[in-house]
Amino acid sequence: MRVGITGGIGSGKTTVCRVFETLGIPVYYADAEAKRLYSENKDLQAALLNAYGPEVLQNGEVNKVFLRSLVFGKPEAARKLNSLVHPFVFEHYEQWCLANKNKPYTIKEAAILFESGSYKRIHRVIGVVAPEALRIQRAMNRDHCSREDVLQRMQKQLPQDELAKKCQYLIHNDEGQSIIEQVRDLHRKLLEESTLDWPYLT
Ligand code: ATP
């Protein structure tokens with residue numbers, strides 16, 4: 001069974017995933033894998049070269065500063081870049097799932113699981129939620145950035161109440177309830193549910 005984990009900035013997705021990993025569940029970190037593909041996948045580099053010209057490569061690596069300058073503040077250009085990169089990440093995730101098919105379930109962690117459409121190859125989704133003030137403070141502490149920076153990134157994401165409605169399970173990472181206990185309970189449930197035949201989400 002394929003499970004997704006999503007949540008807004010500072011909600012604690014990665015922290016929750018680390019707990020699942022201690023239970024032996026493999027986690028696919030979509031953002032990190034996409035970044036790795038940029039530097040390692042020659043077919044993706046060729047597609048970028050074809051779309052953006054020779055400036056996109058520098059010493060055999062993708063020039064991320066150049067790419068960022070092409071899409072920063074330009075939603076249409078960002079959409080085009082995403083649509084170019086997405087099939088490579090999609091294919092990589094499919095291969096990763098095949099390599100882990102002996103596990104009862106696997107997890108894909110993605111901040112924009114719904115916005116990117118990648119929930120469509122997933123059976124169940126866990127949302128990690130936390131009060132907004134706490135999320136802002138966590139992100140500011142972790143990234144050493146201003147409140148405005150965090151708010152700007154937050155605005156590009158689905159509001160938390162909308163995200164929560166789309167999820168089959170929720171983990172409340174508000175520091176009032178133990179996430180270890182919540183993950184342990186959910187893990188038991190997912191082990192049971194992984195024996196059933198789920199359709200992909202639509
Ligand atoms: P982003 O989408 O911004 O990458 P995320 O949802 O993956 O964030 P994490 O990186 O897991 O969130 O958490 C954000 C910060 O808050 C981290 O520094 C993490 O250590 C801290 N944090 C998360 N949950 C807790 C918690 N329950 N108690 C204390 N600190 C926490």
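Shown is the FRET efficiency for Arg153 and Leu49, computed with R0 = 35 Å from the Cβ-Cβ distance and rounded to the nearest 0.05: 0.75. Of all aspartates and glutamates in the structure, the ones whose alpha carbon falls short of 17 Å from that of Lys165, not counting any fewer than 8 places away in one chain, are Glu115, Glu132. Could you tell me which of the pairs Lys64/Lys156; Lys13/Lys166; Lys35/Lys80; Lys80/Lys108; Lys64/Lys120; Lys13/Lys120 are separated by over 26 angstrom between their Cα atoms in the structure shown? Over 26 Å Cα-Cα: Lys64/Lys120. Shape summary: the chain maps onto an equivalent ellipsoid whose semi-axes, from the alpha-carbon gyration tensor, are 30, 23, 14 Å in decreasing order.
Bridges between two residues of the chain, per DSSP, are antiparallel at a rate of about 10%.
Think of region 32-99 as a dipole: +1 on every Lys or Arg Cβ, -1 on every Asp or Glu Cβ, centred on the Cα centre; then among Cys97, Leu81, Asn41, Leu81 lies furthest on the positive end.
Sparsely packed loop sites in region 44-109 (the trypsin sites (Lys or Arg not before Pro) outside DSSP H, G, I, E and B with at most 14 other Cβ atoms within 10 Å) comprise Lys101. In region 28-100, carbon and sulfur make up what percent of the accessible area (probe 1.4 Å)? Here it works out to 58 percent. When the chain is treated as a Gaussian network with alpha carbon springs shorter than 10 Å, the biggest mean-square fluctuation among Cys97, Cys167, Cys145 belongs to Cys145. The HN-Hα couplings worked out from phi for region 108-124 by the Karplus form 6.51 cos²θ - 1.76 cosθ + 1.60 (θ = phi - 60°) are 10, 9, 8, 5, 10, 4, 6, 4, 7, x, 6, 5, 5, 10, 10, 8, 9 Hz, whole numbers, x standing for Gly and Pro. Close amide-amide hydrogen proximity is noted between Glu109 and Ile5, Tyr28, Tyr29, Ala30, each under 5 Å apart and 5 or more residues distant or on a separate chain (H modeled in the peptide plane; Pro and chain starts excluded).
The values are calculated or read from the model by the stated rules, or taken from the named source; none is laboratory data. Here the structure is a predicted model, which is why all the values come from computation and not from measurement. Cβ coordinates were reconstructed from backbone atoms using ideal geometry, including for glycine residues, and neighbour counts include every protein chain displayed. Surface areas here come from the heavy atoms of the whole protein model, side chains and all, with no ligands, DNA or RNA. Shrake-Rupley method; radii C 1.70, N 1.55, O 1.52, S 1.80 Å.
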